[in-house]
Each structure stands twice: as C-alpha cells, then as structure tokens.
Amino acid sequence: MNLVFLGPPGAGKGTIASQAKNHYDIPHISTGDLFRNHIKGDTDLGKQVKAILASGDLVPDSITIAMVEQRLKEADAKKGFILDGFPRTIAQADALKEMTSLDAVVNFVLDREEIIKRLSGRRVCKSTGKTYHVVFNPPKVAGIDDETGEALIQRDDDKQDAIENRLNVYEKQTEPLIAYYRSTGLLFDIDASASPEEVMAEMVKVLKK
Ligand code: ADP
Ligand code: ADP
C-alpha cells in the first residue's frame, strides 16, 4: 500500500503513522525525521537545512525531492510506504507522480486552535524521535522518555514564533495539495480531533473501501 499523509503540522500524522506502519507492515518515511537525522549527524545536508528547519520554512524542493527519491529506492519501500510530510508543495507532488503511484492520500483535518495546543505541548526523544504530549500523551515520568530514560526536548520549531510561521507556510504552500489530490479521487478526509485509537480505526475502515 502506497500512502501519503497530508495535513497541517501537529495534526497527528506521525502518531498515526507509527501505528499504521505495523498494521500494514510498510515503512514510515517522514521527511522531517530524515532532515533531523541529517542535522543530528552533522552531514553536509544537515548543515544546509538546520536553520531552515528551526525557522519553520520549507527546505527547497530540489533538495527534498532528491532525498525522497533516494529513500523510495531502498528495498523496504518496495512493498509500500507511508509518506509523512511529503509532498508539501505542488512541485513535490508532481515529482512524486513521476517516481511512483499512490493508493490513497489521507488528509488529517484539525482546526487551528487544536493544532496550536498539540504543537506547543509536543515533546520528543531526540535519539529515537518518539513523540509525546505533556497533556494528551504524557510519558510515565514527566520529561523522561519511557524507553531510553533520556530527557525529552521541545523542538525549536515547536516554539511559538516558529509555530505561527509553519501554519502560514502550510496554508500558502501545502493546503493547495488538498484540491490537487481531491481532483484525482485519491483523497480521503479523516477527522483528526478524536483520540489516536479512534483516528487509526477510522482510517483503517476508510482505506478498506
Ligand atoms: P510536522 O511533523 O510538525 O509537520 P515535520 O517533522 O514534518 O513537521 O517537518 C519539520 C520541518 O522539516 C518542516 O518545517 C520543514 O522545514 C522541513 N520539511 C519536512 N518535510 C518537508 C518537505 N516535504 N518539504 C520541505 N521541507 C520539509
Ligand atoms: P504531526 O506528525 O502531524 O506533526 P504528531 O503526531 O507529532 O503530529 O502529533 C503532534 C502532537 O499532538 C504530539 O505531541 C502528539 O503526542 C499529540 N497528538 C497526536 N495525535 C493526537 C490525538 N489524536 N489527540 C491528542 N493529541 C495527539
């Protein structure tokens, strides 16, 4: 199954993808995670994109498209994939069409107020990328990752100024993809305001059809 998860930052795409990858036995490919791994490893690409990620702007299409193209060629992506956070522009969607075919685009729908609550309370484990929320999905011990025991961090781009910018970037550059994919008949809207278990169940039901 070749899936794209579309929707604003903070809508819960990564949270659902981490369940769906096991359910469908396909890799979860998050372009944000790929970029953050490059930054952590201090690679040339990481150095190039570090300031862009911190501000909440988009990495240039050429860089992003080349990275995804390479990732989709890896063996595990032959049986399918969940693309989370890609495409984010029309140019990226056009490029993806040349690389592979899609079975569905899942559009996570959530209002702005709820998005801000989710992003501002998000905490992550830097080494594994596991995501928590201070209120909605807290770790067993406050501020500590359940698995590694490491201190959780707040992403730079989950601080207030960057959140504002990311939501504006989403509206201008990514939201047009909803109409783009709706016109192909591939788009399914999912109400992302329910609990992760309910969102996951709704998605599985919708994708069965
Ligand atoms: P979120 O999970 O909050 O939606 P991501 O982890 O997907 O955020 O992305 C973090 C950042 O990585 C983005 O703000 C952007 O700077 C960069 N990024 C991720 N995916 C893309 C993409 N498809 N095109 C351009 N930049 C991207
Ligand atoms: P995205 O990948 O779309 O940026 P995440 O999956 O990282 O979103 O979720 C953003 C924040 O909201 C995280 O702190 C996560 O724990 C929390 N979250 C995700 N899904 C839900 C949900 N259904 N209800 C409440 N909080 C959620």
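Computed from the coordinates by the stated procedures, all read-outs in this text should not be read as laboratory data. No experiment lies behind these values; they were computed from the predicted model shown. Don't worry about glycine lacking a Cβ; one is built from the backbone with ideal geometry, like all the others, and counts go over all protein chains shown.
Sorting Val204, Val68, Val59 on the 10 Å Cβ count, fewest up front, what's the list?
The order, fewest Cβ neighbours first, is Val204, Val59, Val68.
Relative contact order of the chain: what whole-number percent is it, with Cα pairs under 8 angstrom and at least 6 residues apart?
Once normalised by length, the contact order is 30 percent.
Taking all pairs of different Cα atoms in the range 1-121, averaging 1/r and flipping that mean, what Kirkwood radius in angstroms comes out?
One decimal place: 15.1 Å for the Kirkwood radius.
Collect residues whose amide H, placed 1.01 Å from N in the peptide plane, falls under 5 Å from the amide H of Leu187; neighbours closer than 5 in sequence don't count.
Hits under the 5 Å cutoff: Val105.
Using the Karplus equation 6.51 cos²θ - 1.76 cosθ + 1.60 (θ = phi - 60°), what ³J(HN,Hα) coupling, rounded to whole Hz, does each residue of the range 192-201 give in order, writing x for Gly and Pro?
With coefficients 6.51, -1.76 and 1.60, one gets 8, 7, 7, 5, x, 5, 5, 5, 4, 4 Hz.
May I ask what percent, to the nearest 5, of DSSP beta bridges between residues of the chain are antiparallel?
Just about 25 percent of them are antiparallel.
Between beta-carbons, use under 13 Å as the cut-off and find the net charge around Val135, counting Lys and Arg +1, Asp and Glu -1.
Local net charge: +3.
Counting only residues 5 or more places away or on other chains, whose amide H sits under 5 Å from the amide H of Ile144 once H atoms are built in the peptide plane?
Under 5 Å from the amide H of Ile144: Leu152.
List, in order, the whole-Hz ³J(HN,Hα) value for each residue of the range 95-106 obtained from phi through the Karplus relation with A = 6.51, B = -1.76, C = 1.60 and θ = phi - 60°; use x for Gly and Pro.
These are the phi-based 3J(HN,Hα) values: 5, 4, 4, 6, 7, 6, 9, 10, 8, 6, 10, 9 Hz.
Determine, from the Cβ-Cβ distance of Ser195 and Ala142 and an R0 of 22 Å, the FRET efficiency 1/(1 + (r/R0)^6), rounded to the nearest 0.05.
0.55
For the range 93-143, which trypsin sites (Lys or Arg not before Pro) are both in a DSSP coil and crowded by at most 10 other Cβ atoms within 10 Å?
Taking the range 93-143 and a limit of 10 other Cβ atoms within 10 Å, the loop trypsin sites (Lys or Arg not before Pro) found are Lys140.
So, R0 is 30 Å and r is the distance between the beta-carbons of Asp76 and Arg112; what FRET efficiency does that work out to, to 0.05?
Efficiency at R0 = 30 Å is approximately 0.25.
Stretch Asn22-Asp103 to full length: gain in nm at 0.36 nm per residue minus the Cα-Cα span?
Stretched out fully, the Asn22 to Asp103 stretch lengthens by 27.4 nm.
Using only the Cα atoms of the range 1-58, construct the convex hull and provide its projected area averaged over every direction, in square nanometres to one decimal.
Taking the Cα atoms of the range 1-58, their convex hull projects to 4.6 nm² on average.
Could you pull out every residue, at least 5 positions away or on a different chain, whose amide H is within less than 5 Å of the one on Glu175? Hs are placed 1.01 Å off N in the peptide plane, and Pro or chain starts have none.
The answer is none.
For the chain, count the residues as N, evaluate 2.2 N^0.38 Å, and divide the Cα radius of gyration by that value, please.
In units of the 2.2 N^0.38 Å rule of thumb, it is 0.97.
When the helix-only estimate is applied to the chain (DSSP H runs of n ≥ 4, each -39,500 (n - 2.57), divided by the residue count), what is the mean residue ellipticity at 222 nm, nearest 500 deg cm²/dmol?
-13500 deg cm²/dmol
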